[in-house]
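Notes follow the structure.
The values are calculated or read from the model by the stated rules, or taken from the named source; none is laboratory data. No experiment lies behind these values; they were computed from the predicted model shown. Here the Cβ is made from the backbone with ideal geometry for all residues, glycine too, and neighbour counts use every protein chain on show. With ligands, DNA and RNA removed, areas are computed over all heavy atoms of the protein, side chains included. Shrake-Rupley method; radii C 1.70, N 1.55, O 1.52, S 1.80 Å.
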Amino acid sequence: MTKNRIMLFVTILTIITLLSACTPGGADKVSSDDQSANGSKESVELRFSWWGSQVRTENTLKVIELFEKKYPNIKITGEYVGGTDGYWNKINTQIAGGNAPDLIQLGNNFPEYVSRNTLLDLNPYIGKKINVDHIDKTTIAAGQVDGITYGISLGSNSFGVAYNTELIKKAGMEPPNGDWTWDGFGKYAADLTKALGKGIYGTVDESRFPLLFNFMARQSGHSLYRDGKVSVVEQDFVNWLSMWDKFRKEGATTTAEMAAAYTESPDNSSFVEGKTAMHFIWSNQVNAYQKVMKDEINIVLPPNGGQSAEKGLWLQPSQVVSVNAKTKYPEEAAMFIDFMVNDPEATMILGNERGIPASATAREALMKNATPQDKKIYDFIDIAIQNSTTNDPEPPNGNEFTTEMLNISQSVAFGKKSIAEGSKVLFEKVLTTVNK
C-alpha cells in the first residue's frame with residue numbers, strides 16, 4: 001500500500017469513527033445498551049394478575065405506578081381478586097382462552113402450569129434483566145423445575161396459629177407458646193370456648209384446608225405429593241376428619257353452619273369478627289389480618305405431632321411471579337420482576353406482605369425500619385426455620401382436590417357423610433387428580 005493510499009484509508013476510518021460517534025448505533029452505543037437494559041422504547045402494555053388482600057393490592061398498585069414513572073413507555077394493568085377462590089378459575093379460563101396476563105402471580109403450584117407449557121423460561125433473563133445477586137440460591141431453586149427458572153420468589157413464608165390476644169385475656173388464660181400437640185391445641189381451644197361464652201369459639205374450623213391436612217400428614221412421614229406421586233394413605237384422612245369432628249363435638253371449634261358461612265380469608269373471617277380466638281394463617285398474612293382487626297394478634301408455631309413425629313412444617317415462597325410463555329414483551333416483563341424484587345423503593349412499599357423478601361438487601365432495609373408487628377413476623381420465621389423440613393410441591397390439579405376437600409369436610413360436619421365415607425372419597429380424589 002502506498003503512503004497516499006494509507007493516508008486515504010486512515011482519513012476514511014477517522015471520518016467513519018466521527019460519524020458513528022454521532023449516530024445511535026455508534027458512540028451512542030452506551031445509550032443503545034441502556035435502551036436494551038431498559039427494554040424497547042416502544043409503547044408496551046402488560047397485564048399483571050394476582051390475588052390477595054386489600055393491603056397487597058394497594059401496595060402492588062403503588063409499585064406499578066412507580067415503575068410506570070421510571071419507564072413511561074410501559075403501562076401495566078393490574079388484574080386482581082381478593083382471595084384464591086376465584087383466582088385459579090379465572091387464570092385457568094384465561095389460559096384456556098389464550099388471553100392470560102403477561103405477568104402471573106402463582107403459588108407453590110407453579111409446576112402445574114409449567115407442565116401445561118404456560119410459563120416462560122426465565123433463565124435467559126437471569127443476570128441480565130433480573131438481578132439475582134442478592135437472592136439465596138435455594139430461593140432461586142424454589143422457582144425452578146429441572147434447573148429452569150419459571151418464577152421468582154416474592155417472599156418466603158411459613159404458617160402458624162394466630163391468636164387474638166384480647167380474647168385470650170378475656171378468657172383469663174395464658175397465651176399459647178406454640179409448644180403443643182394437636183390434642184393440646186384442641187383442649188386449649190375447648191377451654192377458650194368455655195371461658196368466652198356462647199357465640200365465641202376457640203378456633204376456626206380448619207378441616208377444609210388441604211394445606212393443613214398435608215402438614216399433619218407430613219408429621220407421619222407422608223405427603224399429599226412427593227417424588228412425583230401421592231404419598232398419603234386413606235388413614236391420614238380418617239385421622240384428620242376424626243380429629244376435627246372431635247374438636248367440633250367438644251366445642252373447640254365452630255358449628256358446621258358457622259364454618260360454612262366464612263371463607264376465613266381476611267375479608268370474610270370469623271377470626272376477624274372476634275367470633276373465634278385462633279386461626280391458622282401464613283406469616284405474611286399477619287399484617288393483613290391485623291389491619292382489619294382492632295384486637296392485637298400474635299402468631300406461634302402450629303401443633304406438633306408428638307415426640308416420635310416428624311417435623312411437618314416448611315418454608316416456601318409465598319408466591320412467585322412468572323411470565324406468560326406467550327407474552328409479546330418478555331424483556332419488559334422481566335424488568336418489572338426485577339423492579340419488584342430489587343428496587344429499594346418498591347421493596348419498601350411491598351414490605352413483608354408477600355413474605356420475607358427474597359433479596360437480602362431488601363430484607364436488611366426492611367429490618368432497619370421494622371415495626372413491632374413486623375418484628376413479630378421476623379421472630380416467628382426464625383423459629384419456624386428451626387422447625388421446618390424441605391417443602392413438597394403441591395399436587396397437580398390441586399384446585400380440584402381443594403374443592404373436593406371443602407365439599408367433603410362440610411358434608412362430614414353436617415352429618416351427611418360418615419368420616420369413613422368422606423375419607424374414602426378424598427383418598428380416591430387425590431389419586432385421580434394427581435394421576436390425570
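Run the quick spin-label model on Thr255 and Ser43: label points 7 Å from Cα toward the beta carbon, then report their separation in nm to one decimal.
5.9
Which of the three applies to the range 363-436, rounded, prolate or oblate, going by the alpha-carbon gyration tensor with a ≥ b ≥ c and a/c under 1.5 meaning rounded? List each step's numbers first, then the result.
Numbers: a/c = 3.36, a/b = 2.30, b/c = 1.47.
It comes out prolate by the Cα gyration axes.
With a 1.4 Å probe and all protein chains left in place, how much of the accessible area of the chain comes from carbon and sulfur atoms, in whole percent?
Numbers: 10780 of 20450 Å².
Roughly 53 percent, rounded to a whole number.
Under 14 Å between alpha carbons, and skipping anything fewer than 8 positions from Lys128 in its own chain: which aspartates and glutamates qualify?
Within the straight-line limit of under 14 Å, Lys128 reaches these aspartates and glutamates: Asp33, Asp34, Glu331, Glu332, Asp338.
Can you give the accessible area per residue of the range 220-359, in Å², using a 1.4 Å probe? Don't jump to the answer; show the numbers that get you there.
Numbers: 5300 Å² over 140 residues.
Each residue of the range 220-359 exposes 38 Å² on average to a 1.4 Å probe.
To the nearest 20 debye, what charge dipole does the range 387-436 have about its Cα centre, counting +1 at the Cβ of each Lys and Arg and -1 at the Cβ of each Asp and Glu?
Result for the range 387-436 is approximately 200 debye, rounded to the nearest 20.
From the backbone phi of the range 396-411, what are the Karplus-calculated ³J(HN,Hα) couplings (6.51 cos²θ - 1.76 cosθ + 1.60, θ = phi - 60°) in whole Hz, Gly and Pro given as x?
Rounded to whole hertz, the list is x, 6, x, 5, 5, 5, 4, 4, 5, 5, 4, 4, 5, 4, 6, 4.
In terms of the Cα gyration tensor, with a ≥ b ≥ c the square roots of its eigenvalues, is the range 201-290 rounded because a/c is under 1.5, prolate because a/b exceeds b/c, or oblate? Intermediate results must be reported in sequence, preceding the final value.
On the way: a/c = 2.61, a/b = 1.48, b/c = 1.77.
Here the range 201-290 falls in the oblate category.
Give Lys170/Lys198; Lys194/Lys246; Lys311/Lys429; Lys169/Lys194 a once-over and call out the pairs whose C-alpha atoms are over 19 Å from each other. Can you show the working numbers first?
Details: Lys170/Lys198 14 Å; Lys194/Lys246 16 Å; Lys311/Lys429 26 Å; Lys169/Lys194 14 Å.
In this structure, Lys311/Lys429 lie more than 19 Å apart at Cα.
Could you pull out the pairs from Lys75/Lys291; Lys70/Lys129; Lys187/Lys291; Lys291/Lys368; Lys62/Lys376; Lys129/Lys368 whose alpha carbons sit more than 19 Å apart here?
Details: Lys75/Lys291 30 Å; Lys70/Lys129 15 Å; Lys187/Lys291 29 Å; Lys291/Lys368 21 Å; Lys62/Lys376 25 Å; Lys129/Lys368 28 Å.
Beyond 19 Å between Cα atoms: Lys75/Lys291; Lys187/Lys291; Lys291/Lys368; Lys62/Lys376; Lys129/Lys368.
Between helix 54-70 and the chain, what is the angle of the helix's C-alpha long axis to the longest principal axis, kept within 0 to 90° and rounded to the nearest 10?
Result, in degrees: 0.
From Cα pairs below 8 angstrom and at least 6 apart in sequence, can you work out the relative contact order of the chain, rounded to a whole percent? If you can, show how the numbers build up before the last one.
Numbers: 716 pairs, mean separation 105.3, N = 436.
This gives 24 percent for the chain.
How much accessible area does Glu428 have with a 1.4 Å probe, in Å² rounded to the nearest 10?
Counting only protein heavy atoms, Glu428 exposes about 90 Å² to solvent.
Using the basic label-point model (7 angstrom from Cα toward the beta carbon), what is the Glu65 to Asn117 distance in nanometres?
Distance between label points: 4.1 nm.
Cα centroid distance between the range 82-149 and the range 373-400, in Å?
19
Cα gyration tensor of the range 54-163, axes a ≥ b ≥ c as square roots of the eigenvalues: rounded (a/c below 1.5), prolate (a/b > b/c) or oblate?
Details: a/c = 1.11, a/b = 1.04, b/c = 1.07.
Taking the square roots of the gyration eigenvalues as a ≥ b ≥ c, the range 54-163 is rounded.
Go ahead and set up a Gaussian network model of the chain, Cα springs under 10 Å, then flag whichever of Gly202, Gly398, Gly351 fluctuates most.
So, out of Gly202, Gly398, Gly351, the one fluctuating most is Gly398.
Got a sec? Which residues in the range 90-113 would a label at Lys436 touch, if it sits 7 Å along Cα→Cβ and we count backbone N under 15 Å?
Counting backbone N atoms under 15 Å from the label point, the list is 90-97, 109-113.
Which percentage, to the nearest 5, of the DSSP beta bridges contained in the chain is antiparallel? Don't skip to the end; give the middle numbers.
Working: 24 of 40 bridges.
Given both bridge residues lie in the chain, the antiparallel proportion sits at roughly 60 percent.
Mind sorting out which of [x] 1.17; [y] 1.28; [z] 0.91 is the real Cα Rg over 2.2 N^0.38 Å computed from the coordinates?
[x]
Given a Förster radius of 22 Å and the C-beta distance between Lys294 and Asn268 as r, what FRET efficiency does 1/(1 + (r/R0)^6) yield to the nearest 0.05?
Details: r = 17 Å, r/R0 = 0.78.
Result of the calculation: an efficiency of 0.80.
For every helix of n ≥ 4 consecutive DSSP H residues, a contribution of -39,500 (n - 2.57) applies; sum these over the chain, divide by its total residues, and give [θ] at 222 nm rounded to the nearest 500 deg cm²/dmol. Present the calculation step by step, with values, prior to reporting the outcome.
On the way: 18 runs with 204 residues, N = 436.
Using -39500 (n - 2.57) per qualifying helix, the result is -14500 deg cm²/dmol.
Using a Förster distance of 22 Å, how high is the FRET efficiency between Glu345 and Glu79, based on the Cβ-Cβ distance and rounded to 0.05? Before the final figure, lay out each step's value.
On the way: r = 23 Å, r/R0 = 1.06.
That gives a FRET efficiency of 0.40.
Counting other Cβ atoms within 10 Å, which chymotrypsin sites (Phe, Trp or Tyr not before Pro) in the range 175-217 have at most 15 and lie in a DSSP loop? Before the final figure, lay out the partial values.
Details: sites: Trp180, Trp182, Phe185, Tyr188, Tyr201, Phe213, Phe215; in loops: Trp180.
Answer in residue order: no site qualifies.
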